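This report concerns only the one structure given below.
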Amino acid sequence: MENLLAGLNEPQKEAVLHTEGPLMIIAGAGSGKTKVLTHRIAHLMSKGVDSFNILSLTFTNKAAKEMRMRIEKVVGTDARNLWMGTFHSVFARILRSEADKIGYPTSFTVYDTDDSKSLIKSILSELQLDDKVYKVNSVLSRISSAKNRLISPNEYAQNPILLTDDEASMKPKIHEIYKKYADRCFKAGCMDFDDLLFQTCKLFSLFPDVLNKYQRKFHYVMVDEYQDTNYVQYMITKMLSHERKNICVVGDDAQSIYAFRGADISNIFNFEKDYPNLHIVKLEQNYRSTQNIVKIANSVIKHNKEQLRKDVWTSNEEGNLIELVKATSDNEEGRLVAQSIFEEKNHNQQKSSDFCILYRTNAQSRSMEEALRRLSIPYKIIGGLSFYQRKEIKDMIAYLRYTVNHSDEEAFKRIINYPKRGIGETSATKIVVTAVDNNVTIWDAMLNVSSFMPGRVTVAVNEFVDLVRGFELVIASKDAFEAAKQIAKESGILKDLYDDKTVEGLARYQNLQELLNAIKEFSEDTEKEDRSISAFLQEVSLISTADTKDANGTDYVTMMTIHMAKGLEFKNVYIVGMEENLFPSQMMLQSRADLEEERRLFYVAVTRAEKKLTLSYALQRYKFGRLENCEPSRFLQELDARFLKAPKKSNQDMFSDDFMTATSKFGGNNLMKQNSVNFPKKEAPKSQVVTTTNHVASESFKPSDTSKLEVGMKVEHPKFGFGNVLKIETNGSERKATIFFQKADEKTLLLSFAKLMIIE
DNA sequence: ATTTATATCTTTTTT
DNA sequence: AGATATAAAT
């Protein structure tokens, strides 16, 4: 007990000790929020609260896992029984045991975003709607936001505001698509991400006894990152804690960055209204960052009108000034950042893992990656395409999904003709349409296939049905790993990948092996009560890119989008791509006009830094293969210059026309002015030669250098490996050339050649 | 049904 | 630059 409060400041102690009744903790960046949460739980348990009765909702599975470990250190193995996880995973678990009450099979499967999009595409074509008008993404986001606000398809169809909105955007049929979409998901025995919350709410409202069961179970409810919860999540937590009102939410309105996903800051204000006797604790002392970083962060956020009064301060050292790096191009930006990391590492004896590069969009990782590789600095990209989003993995998962749930339409579409078994797209669509028209499941339609399909297809479909039946028996009789292994073999996936001897094919084969390993690990985890394939699928469907395991012992620079960086901290942070229309994002400015959310995002990025913060931007950047001019972000102009160091530039900069013109743009900005001094003339450094091999970095081939590439040359492409140039085609004004690239295996590929390296 | 050539589009962030 | 959709050829 003494131990639990040691090292906590007054408001932190207050938050830990206030266990009964509603509590809201407003936690500034770096104020020790996680510490308070873990200590609070440990405190509850030391008071004799059973861990079964505590529910803690976190933003990522990783955060839950870490918190559980920290608690376990204090209270021991009891912590295992805590209910901890994301909203999605916790309620998926509850839904799995209660699904039958709302008409879903216990073995319901989960649609990921790709599945949802694919289903919407099918529906659009069935309704004969133009997918140029009804863009899949916008339709899905419309449906998603309806679900997040607990609006059912019928309510949507009767909501004049929504209908007028849709008419105004020339998409009056959204309500119809929504209805059909929801219907199809239901009939497929599938829930999409939003359903996991939406259906939970439905379950709780329709079955008070079920709600009551969980109300009695969870004596204490805690919600982390409350500023990023949406309306459904607000409702669920409100319902769950209704009896005892022991609810504790933790958040920081200044760090709300998920409005695009339905997150609603007004949840924080609603919270105050819902609980008149609410106790509020503010954590304002920052333990993470230097004074300069805290101050510049405050200078960022003060430009936002809408925010709770809060005063984040620190007693840490003053620290370095914030650095500003200006580059002529995105590639140079990469080089400068990599060089800075290199120097910093040597200079201060730091590890690679002390560094983090943050960007607004995933696409920006490429130039950073290339630059780091050239300096042999190890790095790791978090996010982007995750393991479970790879085609070969999704295919295998689809087999498992379909075996568990014969109604799963999207899984069916994925595997019906992979590996090829002579059932083309037309046939597959016909089966789906027949099932929908006759109001039966896809499985039943297949059993009846001879009545509406020609004999040749019937035979193939029957074989497929038998295959799945066999898999069903396999799953029933063997453990998850053995079953998965057999399914991989008998489905033909394993062979299909094995036969592909290309570099990519080999990688895919290894990925599949890795998936099987993961299943093996899962099936041998004695801590898990349910080790079935079905449980594995559920877990896997909710793994997010933020949940990647830390490879312990490895030392690398971390690269990720700012969104993924929430909750993390690094000694040195580089925020790259500080350009108008990129950050703040063009999309954000045009369509949602929410500049304040972009600014909060910038605030989040800035506050990740402990010791040193560097901001960088480029004057030119490749966008869809075309070089575009960029202007520095308005956010840079907003910074308080007292905490900034003079911009740093490369030698090359001085000689480029672009640099000169771009500098003049900054005429009015005192920050940038200090920079316009004369630099000694020096020859621009040549592109570096890569490591010990005789490869020349791709840099030496500008898109205009078509002349350097000749027919017959041996070349290497980072993705497609070694090959020969067969033919070069230049399409005039485009300044873009395509080459025919022949690989060792005789396959001919068409490539643009920007990434090719000539082997001398 | 499947492969190959050509055209078009991409434009945020993620559970 | 690269993915994906569409059209045309096999």
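The values are calculated or read from the model by the stated rules, or taken from the named source; none is laboratory data. Source: prediction; values computed, not measured. Cβ coordinates were reconstructed from backbone atoms using ideal geometry, including for glycine residues, and neighbour counts include every protein chain displayed. All accessible areas refer to the heavy atoms of the entire protein, side chains included, with ligands and DNA or RNA removed. Shrake-Rupley method; radii C 1.70, N 1.55, O 1.52, S 1.80 Å.
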For segment A:430-437, check the following and say yes or no: at least one residue is of a type in the set (Lys, Arg) and in contact with a strand residue (DSSP E or B) (Cβ under 7 Å, 6 or more places away or on another chain). no
Kindly indicate whether A:Phe59 is touching an Asp or Glu at 6+ places or on another chain (Cβ under 7 Å) and aromatic (Phe, Trp, Tyr). yes
Pairs returned, first residue in segment A:612-629 that is more than 30 Å from A:Lys571 (Cβ to Cβ), second residue that is among the hydroxyl-bearing types (Ser, Thr, Tyr) and more than 16 Å from DNA strand B (Cβ to nearest atom), beta-carbon separation under 6 angstrom, 6 or more apart or interchain, are A:Gln620/A:Ser329
Which members of segment A:361-387 meet the condition of being open to solvent by less than 50 Å² (accessible area, probe 1.4 Å), within 16 Å of DNA strand B (Cβ to nearest atom) and not acidic (Asp, Glu)? A:Gln364, A:Ser365, A:Ser367, A:Met368, A:Ile382, A:Gly383, A:Gly384, A:Ser386, A:Phe387
Any residue in segment A:52-74 that's within 14 Å of DNA strand B (Cβ to nearest atom): show its pairings with residues that are part of a helix (DSSP H, G or I) and of a type in the set (D, E, K, R) at Cβ separation under 7 Å, as long as the two are six or more apart or on different chains. A:Phe59/A:Asp228; A:Thr60/A:Asp547; A:Asn61/A:Asp547; A:Lys62/A:Asp547
Which one of these is touching a Leu at 6+ places or on another chain (Cβ under 7 Å), of a type in the set (D, E, K, R) and surrounded by fewer than 23 Cβ atoms within 10 Å (Cβ to Cβ): A:Glu272, A:Glu306? A:Glu272
Here the residues within segment A:141-194 that are of a type in the set (Val, Ile, Thr) and in contact (Cβ under 8 Å) with a residue 24 or more places away in the chain are A:Ile143, A:Ile174, A:Ile177
Check whether at least one residue in segment A:473-486 is open to solvent by 80 Å² or more (accessible area, probe 1.4 Å), farther than 26 Å from A:Phe108 by Cβ and assigned to a helix (DSSP H, G or I), and report yes or no. no
Quick test for you: out of A:Asp653, A:Asp658, pick the one residue that is surrounded by 22 or more Cβ atoms within 10 Å (Cβ to Cβ), assigned to a helix (DSSP H, G or I) and at pLDDT below 95. A:Asp653
Please indicate, with yes or no, whether at least one residue in segment A:124-137 is open to solvent by 30 Å² or more (accessible area, probe 1.4 Å), within 24 Å of the chain's Cα centre (by Cα), within 16 Å of DNA strand C (Cβ to nearest atom) and of a type outside the set (A, V, I, L, M). yes
Going through A:Lys528, A:Lys489 one at a time, which residue ends up being free of Cβ contacts under 8 Å to residues at least 24 places away in the same chain and in a loop (DSSP other than H, G, I, E, B)? A:Lys528
Determine whether segment A:493-506 contains at least one residue that is free of Cβ contacts under 8 Å to residues at least 40 places away in the same chain, over 30 Å from A:Ser125 (Cβ atoms), charged (D, E, K, R) and open to solvent by 50 Å² or more (accessible area, probe 1.4 Å). yes
Which members of segment A:93-140 meet the condition of being small (Gly, Ala, Ser), touching a residue at least 40 places away in the same chain (Cβ under 8 Å) and near DNA strand B (Cβ under 10 Å from one of its atoms)? A:Ser116
Tally the residues that are farther than 23 Å from A:Gln510 by Cα, within 15 Å of DNA strand C (Cβ to nearest atom) and hydroxyl-bearing (Ser, Thr, Tyr), restricting the search to segment A:370-397. 0
When residues of segment A:458-472 are filtered for being farther than 12 Å from A:Met446 by Cβ and either free of Cβ contacts under 8 Å to residues at least 40 places away in the same chain or outside any helix (DSSP H, G or I) (or both), how many remain? 2
Any residue in segment A:398-419 that is away from DNA strand C (no atom under 16 Å from the Cβ), open to solvent by 40 Å² or more (accessible area, probe 1.4 Å) and modelled with pLDDT under 90? no
Identity of the residue in segment A:507-526, among the acidic types (Asp, Glu) and under 29 Å from A:Met560 (Cβ atoms), that ends up surrounded by the most Cβ atoms within 10 Å (Cβ to Cβ): A:Glu514
